[in-house]
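What follows is one structure encoded as structure tokens, with my remarks underneath.
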Amino acid sequence: MVISWYPGHMRKASRELKSIVKESHAVIELVDARAPESSSNPTLTPLTKGLPRIILLTKGDLADQETTNLWQKFIESKSKAKCLINDNDNPISVRRFLQELESLLSDNADITKQKQIIITGIPNVGKSTLLNAIVGKKVANTGNEPAVTRSQQRIKIAEGWYLIDTPGLLWPKLENQENAKILACLGTIKNTAINIEEIGWFLAEILKRDYPDLLRVRYGIEAIPQTTEVLYDGIAAKTGSLSKKGYADYHKVSQILLNDFRSGRLGKFSLEKPRQIR
């Protein structure tokens with residue numbers, strides 16, 4: 001199944017983002033620490049026309065820490081952007097946030113007293129959760145489903161500092177379908193727009209290859225089988241995901257895998273490593 005998801009509100013949000021660039025001074029792009037390449041919007045650079053940028057790796061508490069540290073170094077070595085890591089368990093403070101922004105804009109003598117910063121990212125990347133943590137109160141709706149934020153809002157985070165919260169944005173054509181599958185694993189794309197079994201199978205193959213110990217611990221499987229089919233059978237038996245005739249219910253196993261991954265119950269692991277980018 002070819003994955004494609006670009007609802008009408010995203011097209012509108014993309015136009016609105018382009019319209020506020022002239023009045024803004026920097027952009028903060030949120031990407032998922034478990035898949036920084038796939039979760040970075042390739043249309044953002046031309047949209048924001050070279051504004052100074054901070055790349056914030058969100059959900060660092062769900063990712064493989066060693067891999068996340070490699071990503072931070074890789075991103076800063078390949079771009080002019082400052083790269084920070086944010087954990088939901090210990091979110092970045094507003095003081096640290098402002099320090100990084102002031103450092104980013106220190107060479108710009110044309111900035112007025114009011115500084116407007118665009119904060120953007122793909123759906124379900126944790127943008128609203130971060131905003132609420134920075135401000136110290138609920139200013140944005142949160143949820144486990146993508147496309148919770150549907151319109152822009154201007155949020156004051158300190159005297160003279162404003163964030164423009166934008167809806168989660170994808171791009172019109174997901175040409176790299178492996179990246180699209182990774183986005184589907186992250187919960188960026190609505191489940192109704194994907195084949196659950198296909199995506200669950202894709203995730204299982206990554207786990208089997210890179211993090212077999214997490215499968216052993218989570219599902220009590222002593223020896224990880226060579227084939228994904230046998231692995232699915234084992235998870236089905238351990239989780240009771242069986243049909244009335246006693247066969248493995250692959251759809252249910254896929255749902256369990258995806259839910260356990262997205263919630264962090266599977267443990268900390270990453271779907272991409274810097275060396276995998278070509």
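The values are calculated or read from the model by the stated rules, or taken from the named source; none is laboratory data. Worth saying up front: this structure is predicted, and the values here are computed from it rather than measured. Here the Cβ is made from the backbone with ideal geometry for all residues, glycine too, and neighbour counts use every protein chain on show.
Per-residue answers, yes or no, for (1) touching an Asp or Glu at 6+ places or on another chain (Cβ under 6 Å); (2) polar (S, T, N, Q):
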| site | (1), (2) |
| --- | --- |
| Ala33 | no, no |
| Leu47 | no, no |
| Leu56 | no, no |
| Asp61 | yes, no |
| Asn69 | no, yes |
| Lys73 | no, no |
| Lys78 | no, no |
| Ala81 | no, no |
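Mind telling me which of the residues Trp5, Trp71 ends up being more than 30 Å from Pro212 (Cα to Cα), buried (at least 16 other Cβ atoms within 10 Å of the Cβ) and not charged (D, E, K, R)?
Only one candidate passes the filter, namely Trp5.
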Checklist entry - Restricting the stretch 179-200 to residues that are without any contact (Cβ under 8 Å) to a residue 60 or more places away in the chain and surrounded by fewer than 18 Cβ atoms within 10 Å (Cβ to Cβ), which is farthest from Arg11 (Cα to Cα)? => result Glu197
Checklist entry - Residues in the stretch 12-50 that are more than 22 Å from Ile182 (Cα to Cα) and loosely packed, with under 13 Cβ neighbours inside 10 Å: how many? => result 7
Checklist entry - Does Leu203 count as closer than 19 Å to Asp32 by Cα, assigned to a helix (DSSP H, G or I) and either within 19 Å of the chain's Cα centre (by Cα) or touching a residue at least 24 places away in the same chain (Cβ under 8 Å) (or both)? => result yes
Checklist entry - If the Cβ limit is 6 Å and pairs must be 6+ apart or interchain, which residue in the stretch 17-39 that is under 30 Å from Lys268 (Cβ atoms) and outside the structural domain of Arg262 (by TED's automatic domain parsing) pairs with which residue that is of a type in the set (Ser, Thr, Tyr) and assigned to a loop (DSSP other than H, G, I, E, B)? => result Val31/Ser39; Val31/Ser40; Asp32/Ser39; Arg34/Ser270
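Okay, residues lined up against (1) assigned to a strand (DSSP E or B); (2) under 16 Å from Val125 (Cβ atoms):
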| residue | (1), (2) |
| --- | --- |
| Arg15 | no, no |
| Val31 | yes, yes |
| Pro46 | no, no |
| Asp61 | no, yes |
| Glu76 | no, no |
Checklist entry - Is it the case that some residue within the stretch 240-254 is outside the structural domain of Thr120 (by TED's automatic domain parsing), closer than 25 Å to Val125 by Cα, under 22 Å from the mean Cα position of the chain (by Cα) and not acidic (Asp, Glu)? => result yes
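Just to be sure, is Ala223 over 30 Å from Ser40 (Cβ atoms), outside the structural domain of Leu62 (by TED's automatic domain parsing), small (Gly, Ala, Ser) and crowded, with 20+ Cβ neighbours inside 10 Å?
no
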Checklist outcome for this item: Taking the stretch 156-193 and the residues there that are basic (Lys, Arg) and outside any strand (DSSP E or B), the one that is nearest to Ala204 (Cα to Cα) would be Lys181
